[in-house]
Amino acid sequence: MKTLDDRVRLIEDRFAILDVEALYAEAWDLGRPEEWAGAFAGDGIFEMLPVGQMPGVKVQGSAALTAFCSSIRNEWSGLHFMHPPRLTIQEDTAKSLIFFEFRHVMKAHSGTTRQGVTGGYYRTSYTRTDQGWRIQERVERAVFDETAVYYGQMPD
């Protein structure tokens, strides 16, 4: 049986990981690339698996994560709607499965605007660092992507 101290630490760890998840979505959605990259460990990995016409992407390390988020924010904006994670915590590592929806608008170079929702899940591993819990690796799998394409101005 776990001691009271073990149980309290597990609760604290769970809330700290939830805070990292909140930071991940908030920083991305509000366009703060350095904070978004800060949700990851220094050598952390973000991977988006290919879906439809969209190729896969894999980015590793703080500088690359910051640049990736900054670059994407030039064309994409949107909001994450994330379900509570299913967490498994063991000592200084943890894993989760998180279902999400991302409602987005994308401005393309061709003058079109794409608006829609992407839904799927993240498989994430975390590590305890000197700065607290951080994402070690996140793999995003989109299950659906429903979009509408507008030419020129968005309709009112």
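Can you give the angle from 0 to 90° between the axis of helix 62-73 and the longest principal axis of the chain, with both taken from C-alpha atoms, to the nearest 10?
Helix 62-73 and the main axis of the chain meet at about 30 degrees.
Fewest to most neighbouring Cβ within 10 Å: what's the order for 124, 147?
In increasing order of surrounding Cβ atoms, one gets 147, 124.
How large is ³J(HN,Hα) for each residue in segment 12-22, as worked out from phi by the Karplus curve 6.51 cos²θ - 1.76 cosθ + 1.60 (θ = phi - 60°), to whole Hz, x for Gly and Pro?
For segment 12-22, the Karplus curve yields 4, 4, 4, 5, 5, 5, 4, 5, 4, 5, 5 Hz.
Restricting to Cα pairs below 8 Å that are 6+ residues apart, what does the relative contact order work out to for segment 30-156? Please round to a whole percent.
After rounding, I find 25 percent.
Order these by the 10 Å Cβ neighbour count, fewest first: 146, 26.
With the sparsest Cβ surroundings first, the list reads 146, 26.
What are the lysines whose alpha-carbon lies under 24 Å from the alpha-carbon of residue 107, with same-chain residues fewer than 8 places away excluded?
58
Which of 37, 63, 94 moves most in a GNM of the chain, Cα contacts under 10 Å?
Largest GNM mean-square fluctuation: 63.
Explain nothing, just compute: Karplus ³J(HN,Hα) = 6.51 cos²θ - 1.76 cosθ + 1.60, θ = phi - 60°, for every residue of segment 140-146 in order, whole Hz, x for Gly and Pro.
The phi angles translate into 9, 10, 7, 9, 8, 9, 9 Hz.
Lys/Arg Cβ at +1, Asp/Glu Cβ at -1, dipole of segment 4-151 taken about the Cα centre: which of 81, 23, 44 is farthest positive-ward?
In segment 4-151, that residue is 81.
Taken together, the values in this text are just the output of simple stated rules run on the coordinates, not laboratory data. Keep in mind that this is a model prediction, so the values were computed, not measured. Because the Cβ atoms are built from the backbone with ideal geometry, glycine has one as well, and the counts that use them run over all protein chains shown.
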